[in-house]
Amino acid sequence: MIPRMRTYLLSPTHFNGPCHPNLKLNLHGTIKASGNKEDYKNERQHWIKFNNISNFMVRGGGVIDGNGHIWWKESCKVKTQEACDSGVTPFAVTFQNGKNVSVKNLLFKNSQRMHLVFSNSEVVRASNIVIITPEDSPNTDGIHVSRTTDIVISNSVIGTGDDCISIVNGSMNVRVSRIVCGPGHGISIGSLGKHEDFEEHVSNVGVNTVMLKGTTNGVRIKTWQGGKGSARNIRFENVVMQNVTNPIIIDQYYCDKPRDKNGNILSCPEKKEAVQVSNVVYRNIRGTSARELAIRFRCSEMVPCEGILLENVNLIREGNHVAKAECSNLKYATERHVFPMCQDSYVLSPSPFLS
């Protein structure tokens, strides 16, 4: 137990199982990461890591402070024109190879990189989580889900410098509900397909009852050109957007933008392979876009998006102006009571998959 009104400085610490079942860590006070980078010389990947632990709960209303400022200021995303720290920056709290894990009633702040990571785990519950980190903090995803199944994330408020929630390769049966997100980069599936030598998959994801406030993206699916795999059976429902820059987006041209010899950003190249995006539902989504383009589907010419349903979608530009949609390479798409609509020339036929 970490008692109330106490703050403990902590160097990188790992808890390795297996352990006795039904353990509980009651965190009532504050755990703060060491501000000395020398303490991380033997462990740059993780600050606090729980590995191979089952039937485990962390709770208590306490604070986990990553003391991230010492890392952010040296990040290559911040120091773009001078020498920077290109080394690995630690995740704050990671659960790896866990089963029946519960994390609830905690405040995370100022993580070095990602705040709360679930990897190679199953049957996970994360609820009543608050994450507070500056909008300009680099790579500070709120909750990151990787190769994890049967996970529920609910009743949480997340403000950060990257994705509020990111769901990546190997994750399935993911439920996200009653979330307030902002600032940040929204709720993201992916990125997927960066490594062309193996497939990456995400499936059966439900995002329901979410508010996004001032985020750079709303609900996003992002995949790399040349990748292999799939993002399928995904539902975004009952979402409210407030001044979101890209409210609805599928981007199959996600990449590290190449530059010419003068440093100008170039477009990502078209490749013959791409991650297949299919059976995606957008239902009961409303609110305001920070710019004119509110819906953008940049699907691959070689591997089009299939089975896209938009129903009861109403997005306007902030200030009560008209918004627009830009849609390319959609196959089997359906729109019902949608504004703004995709252009008819891009919608090839009604979806045989979704109703």
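The values are calculated or read from the model by the stated rules, or taken from the named source; none is laboratory data. Because the structure is a prediction, the values reported are computed rather than measured. Virtual Cβ from ideal backbone geometry, glycine too; neighbours counted across all protein chains shown.
Observations, loosely collected:
- Qualifying residue in segment 115-131 (condition: closer than 24 Å to Glu237 by Cα and among the aromatic types (Phe, Trp, Tyr)): yes
- The residue that is farthest from His115 (Cα to Cα), counting only those in segment 41-53 that are surrounded by 19 or more Cβ atoms within 10 Å (Cβ to Cβ) and in contact with a Gly (Cβ under 7 Å, 6 or more places away or on another chain), is Ile53.
- The requirement of being buried (at least 17 other Cβ atoms within 10 Å of the Cβ) and either under 24 Å from Gly29 (Cα atoms) or modelled with pLDDT of 95 or more (or both) is fulfilled somewhere in segment 82-90, by at least one residue.
- Complete set of residues in segment 1-30 that are more than 29 Å from the chain's Cα centre (by Cα), part of a loop (DSSP other than H, G, I, E, B) and either among the basic types (Lys, Arg) or surrounded by 13 or more Cβ atoms within 10 Å (Cβ to Cβ) (or both): Arg4, Arg6, Cys19
- Which listed residue is modelled with pLDDT under 95 and closer than 22 Å to His201 by Cβ, from Lys257, Lys272: Lys272
- Number of residues in segment 121-139 that are touching a residue at least 40 places away in the same chain (Cβ under 8 Å) and in contact with a strand residue (DSSP E or B) (Cβ under 8 Å, 6 or more places away or on another chain): the value is 4.
- Within segment 288-326, the set of residues being part of a strand (DSSP E or B), touching a residue at least 40 places away in the same chain (Cβ under 8 Å) and within 20 Å of Lys213 (Cα to Cα) comprises Thr288, Ser289, Leu293, Ala294, Ile295, Arg296, Val313, Leu315.
- Leading residue by the ranking (nearest to Arg178 (Cα to Cα)) among those in segment 237-248 that are hydrophobic (A, V, I, L, M, F, W, C) and buried (at least 24 other Cβ atoms within 10 Å of the Cβ): Val239
- Test: residue in segment 44-57 that is assigned to a loop (DSSP other than H, G, I, E, B), touching a residue at least 40 places away in the same chain (Cβ under 8 Å) and under 14 Å from Ala92 (Cβ atoms): yes
- Of all residues in segment 112-129 being crowded, with 24+ Cβ neighbours inside 10 Å and assigned to a strand (DSSP E or B), the one that is farthest from the chain's Cα centre (by Cα): Ala126
- Per-region count, segment 90-111, residues closer than 14 Å to Lys49 by Cα, assigned to a strand (DSSP E or B) and over 17 Å from the mean Cα position of the chain (by Cα): 3
- Scan of segment 264-282 for residues that are of a type in the set (S, T, N, Q) and in a strand (DSSP E or B), ordered by number: Gln276, Ser278, Asn279
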